[in-house]
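Laboratory data are not the source of any read-out in this text; all were calculated from the coordinates shown. Worth saying up front: this structure is predicted, and the values here are computed from it rather than measured. Every residue, glycine among them, receives a Cβ derived from its backbone with ideal geometry; neighbour counts consider all protein chains shown.
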Amino acid sequence: MDTPSRPALDDDHRRMLDDLRAGLPVKDSAFDRLFPEPIRRVSSRFWTPVVVARKAARLLAAGGGPVIDVGAGVGKLVVIGGLTTDVAFDGVEQRGGLVDVGNAVIDAIGLSRVRMLQGTLDDVDWDRYRAFYFCNPFEENLFPEARRFDDSVPLTEARFVEETARVEAALDAAPVGTRVVTFHGLGARVPATYRLCPEETRGTAFLNLWIKEQEGSSGGEGVFDGYIVGR
Ligand SMILES: C[S@@+](CC[C@H](N)C(=O)[O-])C[C@H]1O[C@@H](n2cnc3c(N)ncnc32)[C@H](O)[C@@H]1O
């Protein structure tokens with residue numbers, strides 16, 4: 001993919017952004033107009049819906065920033081986080097083409113606390129963040145070819161096993177107060193030192209909030225967070 005140019009914002013875009021900042025309803029079709037057509041076409045399968053992203057961003061930001069979306073796609077969560085909260089949002093994404101589209105949108109809107117970084121779990125500085133968002137990033141490793149986003153990155157069952165184990169270990173080592181929000185599951189165990197907070201996500205299916213409340217390691221104990229059925 002060529003580096004995308006910064007999208008020119010029209011009046012409909014500006015109204016939509018004002019509505020988001022004001023807490024008014026915004027349809028996914030209106031928000032997704034920020035992105036090129038091939039990205040919009042797959043929105044309902046791969047990107048977090050606006051209504052969920054708004055709620056997730058609020059829950060993530062409630063403990064202070066910075067926040068990271070691990071597997072950030074085209075940046076829908078981080079852009080909405082930047083528009084609707086006052087903390088910093090980073091997104092790490094393995095597919096460089098998506099990172100470039102996301103950064104072009106961030107640039108066009110002028111969001112100074114938001115950035116998209118190309119990378120994998122190797123590039124996440126786990127100590128830096130107070131809150132982590134996962135929109136079922138690892139399950140694509142288990143998809144049949146026809147359901148994958150594309151074939152530009154290695155997708156294998158071994159990678160799923162390795163990456164989910166790494167995330168479990170990183171969450172286990174995180175400090176008390178760390179927040180984890182998942183949508184359609186993490187595909188891994190959340191350590192037993194975290195409390196699930198269903199009262200905070202009531203009314204939004206497939207959204208979970210976990211907060212680390214006990215010091216130290218869980219010793220490998222935890223609760224599987226996932227909906228490994230596809231969507
Ligand atoms: C279901 S999409 C969610 C995108 C975004 N978080 C959202 O909510 O709109 C999952 C994304 O995670 C990315 N991803 C999966 N495993 C990754 C990894 N190990 N490192 C970086 N990105 C990853 C995929 O490329 C894909 O774009």
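Full extension of the chain between Gln214 and Arg159 yields a length gain of 16.8 nm, computed as 0.36 nm times the residue separation minus the alpha carbon distance. In loop segments of segment 18-104 as defined by DSSP, there are no chymotrypsin sites (Phe, Trp or Tyr not before Pro) with at most 14 further C-beta atoms inside 10 Å of their C-beta. Just want the answer: with Cβ charges of +1 for Lys and Arg and -1 for Asp and Glu, which residue in Val67, Gly216, Val124 is farthest toward the dipole's positive end in the chain? Farthest along the dipole direction, towards plus: Val67. Among all the aspartates and glutamates, which ones have a C-alpha under 15 Å from Lys27's C-alpha, if same-chain residues fewer than 8 places away are not counted? Of all the aspartates and glutamates, those that pass the test against Lys27 - Cα under 15 Å, at least 8 places apart if same chain - are Asp12, Asp18, Asp19.
Test of understanding: given the chain, find the longest segment containing no GluC sites (Glu not before Pro) that are in a DSSP loop and have at most 16 other Cβ atoms within 10 Å. Write out the running numbers ahead of the final one.
Working: sites that count: Glu213, Glu215, Glu221.
Excluding the exposed sites themselves, the longest stretch runs over 1-212.
Each eigenvalue of the Cα gyration tensor of segment 51-226, multiplied by 5 and square-rooted, gives one semi-axis; in descending order these are 23, 21, 15 Å.
Of all lysines in the structure, those lying under 21 Å Cα to Cα from Lys212, and not within fewer than 8 positions of it along the same chain, are Lys55. DSSP assigns beta bridges within segment 51-226; of those with both partners inside it, close to 45 percent run antiparallel.
For segment 57-117, the relative contact order works out to 36 percent when only alpha carbon pairs closer than 8 Å and six or more residues apart are counted.
So what's the back-of-envelope 222 nm ellipticity for the chain, counting only DSSP H runs of four-plus at -39500 (n - 2.57) apiece and dividing by all residues, rounded to 500?
Numbers: 9 runs with 81 residues, N = 231.
Helices in the chain give a 222 nm mean residue ellipticity of -10000 deg cm²/dmol.
For chymotrypsin sites (Phe, Trp or Tyr not before Pro), the sites in segment 177-231 that DSSP calls loop and that have at most 15 other Cβ atoms within 10 Å are Phe206. Summary value for the chain: 17 percent relative contact order, contacts being C-alpha pairs under 8 angstrom separated by 6+ residues.
The charge dipole of the chain, taken about the Cα centre with unit charges on the Cβ atoms of Lys, Arg (+1) and Asp, Glu (-1), comes to about 720 debye, rounded to the nearest 20.
Counting only whole DSSP H helices of the chain, there are none at least 27 Å long by C-alpha along their axis and with mean Kyte-Doolittle hydropathy no lower than -0.5.
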